[in-house]
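Okay, so here's the structure we're looking at.
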Amino acid sequence: MNRTYELMFIVRPDMLEEDQDKLISTLETAVGASGGKFVKAEKWGKRRLAYTVRRFHDGIYILLTVEGGGGLIHELERRLRVTEPVIKFLTVRIDEEQKRLDKIKAIRDARRKASAAAPPPAETAGEAPAVTA
Amino acid sequence: MADETKASESPRAEGPGERTAGSERPDRGERRPPRAGGPGGREGGPGGRKFFRRKKVCKFCTEKIDAINYKDVRLLAQFVAESGKIVPRRLTGVCTPHQRRLSLAIKLARNIALLPFAGRAA
């Protein structure tokens, strides 16, 4: 039951720095209480919104990465919903995508190791015969 | 063949091709094998789409971009029209598997206000 999720949420643009930190730390304790693991928090700072959300044109983006099950996400989303300054949030499960990427990377690395002797100018090699033809 | 290359020079310059310079080189014709057959019928029509035959390649395949992430607004914005619509595959040349991931990522990004929804006043 160890899934990795990303919670991205937008808070009002006039929210103070210390309030943001306070919100993040309360969420962090909530993660611990629900038996999850808090990985990291990332503050993107103020960004222009692509469309108006609750009459705001700007918002402060915050990204959390957590590990845990669905119950944890349920709890976190409930908290975000009742937190006044949060105007929008999105939860994305990322572990399966990460697994896929790791697999591709592993394949690619293996292939690179196999052809380490020969330089890999694949694109130019494909182009050259077409020109001289 | 050579005449045709010269005739098609100006409309192609408007297109998104990167090979606008050096069009006098004789190797131009050989770059696109199907050029001899197709264009005849549509020659002379209006617009710059007549010679739109350059084989487009998937940006994600050629540049080996594996991760199409909804957070990467810069990347996604290249495949979203001014109106907010997702640009179709036939215009961008993205391959099917990548277009699928791309559209999912764009829709996630729309959800969190990183990209606009289509048809709304931005």
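Nothing in this text is a laboratory measurement; each read-out follows from the coordinates by a stated rule. The shown structure was predicted, so the numbers you read here are calculated from the model rather than taken from an experiment. Don't worry about glycine lacking a Cβ; one is built from the backbone with ideal geometry, like all the others, and counts go over all protein chains shown.
Mind checking which residues of the stretch A:61-70 are more than 12 Å from chain B (Cβ to nearest Cβ) and assigned to a strand (DSSP E or B)?
Residues of the stretch A:61-70 more than 12 Å from chain B (Cβ to nearest Cβ): A:64, A:66-70.
Scanning the stretch A:61-70 gives A:L64, A:V66, A:E67, A:G68.
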Is it true that A:A33 is within 14 Å of chain B (Cβ to nearest Cβ), of a type in the set (G, A, S) and either touching a His at 6+ places or on another chain (Cβ under 8 Å) or surrounded by fewer than 15 Cβ atoms within 10 Å (Cβ to Cβ) (or both)?
no
For A:R93, the lone unmet condition from (1) within 25 Å of B:F117 (Cα to Cα); (2) over 15 Å from the mean Cα position of the chain (by Cα) is (2)
Selected residue (criterion: nearest to A:Y61 (Cα to Cα)) from residues of the stretch B:84-122 that are away from chain A (no Cβ under 14 Å) and not β-branched (V, I, T):
B:S103
